[in-house]
Each structure stands twice: as C-alpha cells, then as structure tokens.
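Accompanying notes for the structure given below.
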Amino acid sequence: MNEKSPDIFHKFLRLFTVVHPGEALTLLLLALNVFLIGASYSILKPVRKGLILTAHSAEQEAYLYAIVAVLLIFVVKIFSTLSSKVPRQKLISSVTFFFISNLIVFYILRETGISISVLGVIFWVWLSIFNVFIIAQFWAFANDVYTEEAGKRLFPIVMFGQTLGFYAGAQSTSLLVKPRGPFSPFQLMLVTGFILMICILLTLIVHKREVTKSSRKILEQKTNESVTEKAEEKPLKKGGGFRIIFQSKYLFLVALVILCLNYVNTTGEYIKSSVWQKTTTEAIASGKIENTAEARSEFYTKTESDFTSVANLLAMLIQLFLVSRIFKWFGVRGAMLFLPFIALGGYFLIGLGASYAVVRWTKTAENSTDYSLMNTVKQALYLITDREAKYKAKAAIDTFFVRTGDVLVALTIFIGTTYFALNLESIARLNVAVAVIWIILSFLTIKEHKRLSAKRVADQQNPNAE
C-alpha cells in the first residue's frame, strides 16, 4: 500500500474522521490488533459468567473482586519493574505470552477433572485481571505511538476496532458454545490463546513501522546519530505506577473518576446477575431447562452472550458514527460527562423498580456508551501525559483502581444485604449517589486537563523557557 497517495482505505477512513496521508496503515493495524483483543475478552466473558453462576451466588461473585484488588497490587508492582528493564515491544509480548500460557493451563486442569465450582472461581479471578491488563497495555502502546493531536483524531477509529471485537466475540460465543455450537467453554479458551498470538505479531509489526518512521525523520533532519536513540526502543525510567499517580493531581483525579465509573458499573453487574439468576430459576420451574450444573452454565452463558451482543452492537454504531463527532463538537473534556449522566438516569429508573426489562435496557445503554464513547475518552486522557504515566500509571489506574471500585461494591453488597436487608432498588439508589460524585470529579478532572493542556502548548511554543 502506498500510504503517500490517497488510497481507497484512506478515503474510506476519512468518512469517519480526519486521517492524514501516511497514517492509514498503522491505524488499520492498531484497529485490527485491538479488535482481536476485544474479541478475545468478549469470548471469555460469557464463559466466566456461566462458570461462576453455575455454583455460586451473585453476592459471592461480587466478593471475589476483593481478591482481585489485592492481587493487582503485586501485579502492578511486577509490571512496573519489568517495564523499567525491557523495551515496550518485549514488555507487551512477554505479558501476552504469559496470559496465553494461563489459558492452556485452565484447559488442562479441566481435562484432569477439577470441578467447575473450583475452576470457575480461579478463572473468574484470572479473567478479572486479564481483561483490564491486556487492554490497558494496548492503549498505553497506542498512546505511545500517537501524538496528542493525532490521538484525538484517530482514537475513535482504533476504539471502533475494540468495540467491533467485543461484538464479534460475543456473537462467536453464542454461536460456538454448546449446545448450539461444537465447543465447550474450556475449548474456547484455546481459541482465544491462538487469537492472542496474532495480537503479539501485530504489535511487533506496528512497533517496527513506527521505529523505522522515526529513523527516517531523523535522517531527513540530519540529526546526529549518536544522540538519536529512540525512546520507543528504551525501557522506561525507574519508579512505580502508584507513586506517579499520587504525585500528580491530574492522574489522581483520573483514578478517582475510573474508580467511581467501575463502582457504578460493577454494582449494575450485580443487579443484572441477580435478575439473571431469578430468570434462570423461573426457567427451571417452568421446565424450559434442566436443573443440572451443565444446563445452568449453558443457559447463563447464552443469556449473557445475547445481552452482550446487543450492547456491543449499539456500542459499535455509537463508535462509528457519533464518537468522532462528539470529540469534534465537545472535545475530550465534554465527552467525559455523557456516561455519568446516562448512569444517573438509568439507576434512578431501576431504583423505582428493578424489573428484567428496566435492568436489561439500563445496562445496555450504560455498557454500550461505556464500551464506545467512554472507553475512547479514558484512553485520550493520557495523551497529555509522559511515557511513564502512559505505561505505569495507566496500568495501575486501569487495574488496581478499577478493581478497588469492585471491592467497594463487594463491601456495599455485604453490608447492605447482611445488616440492612437492602433490595435491588435500594442498591440502585446508592448508585445514583455515586453517579453524582462521579459527575463532580469529572468536572474537577476537566479543569485540570484544561490547565495541563494549556501548559503543554506553552512549553512547546517556548521550549527554552525556565
């Protein structure tokens, strides 16, 4: 493909956003990479739900987030240490290979006869770490590839790849998992491992292209080769992700926004899981499904897969036709406010009555906006930060702070159901209160983002200023 000419891909992409000559191929490779990552997670997500709800309650599922949050403290520390020792392409490849090996181990363990009850818990905890980490490291890489200006233009298209991957993965699970399809949930893990191998290859291709492009610019500018070691080829500076966050007001506010976002979302997942279990009990009572572990697992997986498919389809349409325009009209800062206001209205309705239809469509609206617009916003927030923040701080925020929100949900559910006998409507009303806090924090983050952006522009215009 001759990227210096306006080829067919370039013309097509310009229907949705501004794409400059020379950007199309890298953009498509990144979009394909995150498409496969999104599909991998979306294939495994219904499997996780099916396995855990087969032998455990929705309350027990929520409590597992506490285990995940504790484990992530150590995982983030290991990741920060590794990122200070190896360059980005080896970092991403090593982490992805590790997750692939885990999927093979899960399949082998099931073949040895370990019960779904035990393996379901282990897999649930593992996937809760995998899904935030594998996506976080991709977007750290994408932030590293693009400048702030390019990222604002091109991230909506890259995120469309992820959203499309979520949809395709959910559809694949619905079609491939038994009884409709030929595979068991554990066989789908091997399929996902193969997909992740392709992701490693795509990351290496993009890395090689960008390093070559940087070298070409250096030669064109006749820069001294002895001082042109590319930042992309070097490990990051020493220092942990948590320290970077607590030293930056902006990053700390972003972390709190993400925490609130995930608290609201995870509480919604608990409400949805409770409604799903009630629906399954009614299906068993009416004779629609057998009262066996395998039948319940397949029914949960199918129900969750159908829900996810609809949410991802809407997310895909929002991503393709609205996100770039929202960014153009409202900017990254204005786009931050859409999801918290949607959540505020949705959980207010659930607080009036947690019926199947209200919960399903509230979560559909929330998840579709989260998967598309808000996911793009979350990645774009790091465009104004340095490389250490993009890899280390982002990894800490997208893993530990996300799961800390989950832990707070677990505490809320335990205390609320054990000591106060809260029903689903009462828990939804708590979400309304958190959504209000989320909105306030978003305005504070917007203010700090505006200040840092202005400072960044001033520094670029006056590079020698003290």
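Suppose the filter is under 25 Å from residue 36 (Cβ atoms) and out of contact with any His (no Cβ under 7 Å at 6 or more places or on another chain); does residue 67 pass it? The answer is no for residue 67.
Output yes when any residue across the stretch 152-170 is under 17 Å from residue 386 (Cβ atoms) and assigned to a helix (DSSP H, G or I), and no when none is. The answer is no; no qualifying residue exists. Would you be able to say whether some residue in the stretch 356-369 is of a type in the set (D, E, K, R), in contact (Cβ under 8 Å) with a residue 60 or more places away in the chain and more than 26 Å from residue 47 (Cβ to Cβ)? No: zero hits. If you check residue 328 against the conditions, is it out of contact with any helix residue (DSSP H, G or I) (no Cβ under 8 Å at 6 or more places or on another chain), part of a helix (DSSP H, G or I) and either over 16 Å from residue 151 (Cβ atoms) or not hydrophobic (A, V, I, L, M, F, W, C) (or both)? Yes, satisfied. Counting the residues of the stretch 159-209 that are loosely packed, with under 14 Cβ neighbours inside 10 Å and either among the small types (Gly, Ala, Ser) or modelled with pLDDT under 85 (or both) gives 4.
Pairing residues of the stretch 93-119 that are assigned to a helix (DSSP H, G or I) with residues that are basic (Lys, Arg) and surrounded by 13 or more Cβ atoms within 10 Å (Cβ to Cβ), at Cβ distances under 9 Å and at least 6 apart in sequence or on separate chains, gives 116/110; 119/110.
Selection within the stretch 358-410: residues that are outside any helix (DSSP H, G or I) and of a type outside the set (S, T, N, Q). The member of this set that is surrounded by the fewest Cβ atoms within 10 Å (Cβ to Cβ) is 386. Listed by first and then second residue, the pairs linking a residue in the stretch 267-292 that is without any contact (Cβ under 8 Å) to a residue 12 or more places away in the chain to a residue that is crowded, with 21+ Cβ neighbours inside 10 Å, with Cβ atoms under 7 Å apart and 6 or more places separating them unless they lie on different chains, are 289/299. When you check residue 291 against the structure, is it more than 18 Å from residue 117 (Cα to Cα) and modelled with pLDDT under 95, yes or no? So residue 291 fails the test. For the stretch 415-466, the set of residues classified as surrounded by fewer than 11 Cβ atoms within 10 Å (Cβ to Cβ), among the hydroxyl-bearing types (Ser, Thr, Tyr) and modelled with pLDDT of 90 or more consists of 419 only.
Count of the stretch 294-352 residues, restricted to those that are farther than 20 Å from residue 278 by Cβ, in contact with an Asp or Glu (Cβ under 7 Å, 6 or more places away or on another chain) and either touching a residue at least 40 places away in the same chain (Cβ under 8 Å) or buried (at least 23 other Cβ atoms within 10 Å of the Cβ) (or both), is 2.
Scanning the stretch 412-422 for residues that are more than 23 Å from residue 356 (Cβ to Cβ), assigned to a helix (DSSP H, G or I) and of a type in the set (A, V, I, L, M, F, W, C) turns up at least one hit. Among the residues of the stretch 51-68, those identified as modelled with pLDDT under 80 and under 21 Å from residue 242 (Cβ atoms) are 65, 66.
The values are calculated or read from the model by the stated rules, or taken from the named source; none is laboratory data. Since the structure is predicted, the reported quantities are computational estimates derived from the model, not experimental observations. A quick note on method: Cβ atoms are made from the backbone with ideal geometry, for glycine too, and the neighbour counts reach across all protein chains shown.
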